[in-house]
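Asks: A single structure is presented below for examination.
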2 protein chains.
Amino acid sequence: MITEQQKKLMREAIALSSRNIDNGGGPFGAVIVKDGKILARGANRVTADNDPTAHAEVNAIREAARILGTFDLSGCEIYTSCEPCPMCLSAIYWARIDHIYYANTQYDAKAIDFDDSFIYEELSLPKQQRSIPAERMLGEEAIEAFDKWRNKEDKVEY
Amino acid sequence: MITEQQKKLMREAIALSSRNIDNGGGPFGAVIVKDGKILARGANRVTADNDPTAHAEVNAIREAARILGTFDLSGCEIYTSCEPCPMCLSAIYWARIDHIYYANTQYDAKAIDFDDSFIYEELSLPKQQRSIPAERMLGEEAIEAFDKWRNKEDKVEY
């Protein structure tokens, strides 16, 4: 059951997606909501900022975390004008956001040549079948930093 | 066939992962390489910077894109001290990086309580079965921004 208040929040994300087109960005907007109020906004600035990670959701998450002074956005919800791509969905998991509301789908995005669904398919393949090759090397040297981490007493875990 | 030069590049990523622990960050480092030379470096600054997206690979990608002045890192390779999590792997796809080299695995990361593998599992589930609920709403309003994008003539596509 979607409330009028939730519609208002999504309409803000949609308005951001539309305004961002006029502003040299891609057609994506997102807001992070806490206690029913908008805490942070984001829009897709990949081409405008030359940052391949500057999707609407990532930008909104970074802003919300900056405002709250924590990397843990438990208790927050995200309203995004389009279903999150795998990068943004993973960022939502890392940020521990409680709930996702989205409007356009990954298939709508594909229809305007933003191919999130390609990356979803790639991630579901075994590593050896993905289009970007990934090779393992020097595991026996890298593990030392993990041992060092394990033995550190005053670390900040997350 | 891994060359001595490639080992040097990975050892730089590993050194970053270890130094970052002393520097208040997590045990992860990455370098972006172009034409055999290190272009950008990144380390995990999630807790240090209160940014849930500040993984080593994301930070290195953002820095490389800033330096090159483009969102397209075709022709670049990434050497990362640990297998990329789904957020970072997706960022690598969006950035069009050619090749991934990694040292520790997602299972090594899980063993020190960085549970990338949980997010990999979540992404492979149908949306309705994932632990963070996702609900669609107002698709009929959001699609207007996509139509506006489709009809824009001077857009920068990627």
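Asks: Mind telling me which of A:118, A:146, A:28 comes out most flexible in a GNM of chain A, alpha-carbon contacts under 10 Å?
Replies: Sorting by GNM fluctuation, first place goes to A:146.
Asks: OK, next. Could you sort out which of A:37/B:127; A:127/A:155; B:34/B:127; A:148/B:8; A:8/B:152 sit more than 30 Å apart by Cα distance in this structure?
Replies: A:127/A:155; B:34/B:127
Asks: Same structure, new question: Can you list the copy-to-copy distances for residue A:150, using a point 7 angstrom from Cα toward Cβ, in nanometres, shortest first?
Replies: 5.4
Asks: Further, regarding this structure: How big is D, in µm² s⁻¹, for region A:1-120 by Stokes-Einstein at 37 °C and 0.692 mPa s if Rh is the Kirkwood radius over C-alpha pairs?
Replies: Roughly 234 µm²/s, to the nearest whole number.
Asks: Do you know the relative contact order of region B:66-110, to the nearest whole percent, from alpha carbon pairs under 8 angstrom that are 6+ apart?
Replies: 49
Asks: Next question. For the residues B:1, A:137, A:87, what sequence is obtained by ranking on other C-beta atoms within 10 Å, fewest first?
Replies: B:1, A:137, A:87
Asks: Loop by DSSP (not H, G, I, E, B), at most 11 other beta-carbon atoms within 10 Å: where is the longest site-free stretch of chain A for GluC sites (Glu not before Pro)?
Replies: My reading of the result: A:1-152 is the longest stretch.
Asks: Moving on. Would you work out the relative contact order for chain A, in percent, from Cα pairs under 8 angstrom that are 6 or more residues apart?
Replies: Dividing the mean separation by the residue count of chain A yields 15 percent.
Asks: If you don't mind, there's one more thing I want to ask. So if R0 is 25 Å, what FRET efficiency would residue B:67 and residue B:23 give, r being the distance between their Cβ atoms, rounded to the nearest 0.05? Spell out each step's value before the answer.
Replies: Numbers: r = 22 Å, r/R0 = 0.86.
Efficiency, from the Cβ-Cβ distance: 0.70.
Asks: For a quick check, take a GNM of chain B with Cα springs below 10 Å and name the residue from B:11, B:130, B:45 with the largest mean-square fluctuation.
Replies: Comparing B:11, B:130, B:45 in the GNM, the peak value goes to B:130.
Asks: From the label point of residue B:127, set 7 Å along Cα to the beta carbon, how far off in nm is each other copy's matching point, shortest first?
Replies: Distances to the matching label points in the other copies: 3.0 nm.
Asks: If we hang a label 7 Å off Cα along the beta carbon direction at residue A:75, how far is it from the matching labels on the other copies, in nm, shortest first?
Replies: Residue A:75 label point versus its equivalents elsewhere: 4.8 nm.
Asks: How many angstrom lie between the C-alpha centres of region B:1-46 and region A:87-132?
Replies: About 26 Å separates the Cα centre of region B:1-46 from the one of region A:87-132.
Asks: Measure of size requested: the Rg and Dmax of region B:58-123, with Cα atoms as the atom set and Å as the unit; please supply both.
Replies: 12.6, 38
Every number in this text was worked out from the coordinates using simple rules, so none of it is lab data. All values reported here derive from a predicted model rather than from experimental measurement. No Cβ is skipped: glycine too gets one built from the backbone with ideal geometry, and neighbour counts run over all protein chains shown.
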